[in-house]
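In what follows, a single structure is set out as structure tokens and then discussed.
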There are 2 protein chains.
Amino acid sequence: MDARVSSQAIRLDILETLDFNNCPVRDVMGQIGGKWAPLLLISLSERPYRFSDLRRSVPDISQRMLTQTLRDLERDGFVARTVYPTKPPSVEYALTPLGRSLLVPLSGVINWAESNHEAVRAARIRYDAA
Amino acid sequence: MDARVSSQAIRLDILETLDFNNCPVRDVMGQIGGKWAPLLLISLSERPYRFSDLRRSVPDISQRMLTQTLRDLERDGFVARTVYPTKPPSVEYALTPLGRSLLVPLSGVINWAESNHEAVRAARIRYDAA
DNA sequence: GCCCAAGGTTACAAAAAGGGAACTGCCATG
DNA sequence: CATGGCAGTTCCCTTTTTGTAACCTTGGGC
């Protein structure tokens, strides 16, 4: 387990300025903490995708949730939606600069999740046994 | 806006191995994406806290949600709960090494949220106007 | 003429998350 | 003896989120 880290490595500038009524943490995490948003952001970090490509890349998402999550990400400025007037109009979704900048810290959490998934599952089993 | 970043800075090891039925991203984000968990983790990153101290430090949380969120964080191995048999028993909550290691990448997202909160709010206003 | 793909929307149902208030047991203080 | 702090638990209700399924339009291929 590489879970040991010197606490000096952590800087939380937020602690001094946190406003609970207008909380940036909630505002951002509320979106990226949804069920599908992180997965879509991961896919889009690779390259732009069309609507149907995203459906295929995230197999168990419904059309409804895909539309809704993309609209939310677009609203927050993380994703840009571009309609190309081809024969059947095609719609491309791509990360904006803001979305790409979010992915820098977010990918840290994602990689942590990958690395420490087993430790979390083990902790749950220990807790549930007691 | 410092939202521009070279995409080379992003490494998503997860892309090749992602299993949608046993998804580490969901497993971890599901917890830390809750309404109260990030705020509690931030408080606990400072120092261990007792139950009532946490209530005071996160003023609008109810007793019910505080207990429940702490139990979830304990179950996942992020927080340790220690009961001291003092006159009125006092209960201390502290980050575990696993919890502290999570805070390293998580604080990156938190600081991003602080820095880019205004950009997100501005994007929302633009979107809602159209 | 029929069916399919793209890119959705709408209505409805189910499930999960969160909130409010009351109640508990223990001990201490005034 | 009443009040208040600590650390919760329980019940019930509302809100939010997610899922299921059906429907829509335009255009192309067979």
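All of the numbers you see were taken from the coordinates with simple rules; none came from a lab. If you're wondering where the values come from, they're calculated on a predicted model, not measured in any experiment. All Cβ positions, glycine included, derive from the backbone under ideal geometry; neighbour counts span all protein chains shown.
In a shell of Cβ-Cβ distance under 13 Å around B:Tyr127, excluding B:Tyr127 itself, what net charge do Lys and Arg (+1) and Asp and Glu (-1) give? If you can, show how the numbers build up before the last one.
On the way: positive: A:Arg71, A:Arg75, A:Arg81, B:Arg121, B:Arg124, B:Arg126; negative: A:Asp72, A:Glu74, A:Asp76, B:Asp128.
Net local charge, B:Tyr127 excluded: +2.
Modelled this way, with points 7 Å down the Cα-to-C-beta line, the labels at B:Arg121 and B:Val83 are 4.4 nm from one another.
In order along the stretch B:79-88, the Karplus-derived 3J(HN,Hα) couplings, from 6.51 cos²θ - 1.76 cosθ + 1.60 at θ = phi - 60°, round to 10, 10, 10, 10, 9, 9, x, 7, 4, x Hz, and Gly and Pro are given as x. For the rotation carrying B onto A, the chain B residue whose Cβ lies nearest the axis, with the distance in whole Å, reads B:Gly33, 1.
Excluding same-chain neighbours fewer than eight residues apart, the lysines reachable from B:Lys35 by a Cα-Cα span under 26 Å are A:Lys35.
For the stretch B:22-129, relative contact order (Cα pairs under 8 Å, six or more residues apart, normalised by length) works out to 23 percent. Between the amide H of A:Ser90 and those of A:Tyr84, distances stay under 5 Å, these residues lying 5 or more places away or on another chain, with hydrogens modeled in the peptide plane. A Cβ-based charge dipole, computed about the Cα centre of the stretch A:22-129 with Lys and Arg at +1 and Asp and Glu at -1, lands at about 260 debye.
Applying the Karplus relation 6.51 cos²θ - 1.76 cosθ + 1.60 with θ = phi - 60° to the stretch A:56-67 yields 3J(HN,Hα) values of 6, 6, 10, x, 9, 8, 8, 4, 4, 5, 5, 4 Hz, where x marks Gly and Pro. Working note: Karplus 6.51/-1.76/1.60 with θ = phi - 60° gives the stretch A:37-44 the couplings 3, x, 5, 5, 4, 5, 4, 5 Hz, where Gly and Pro are set to x.
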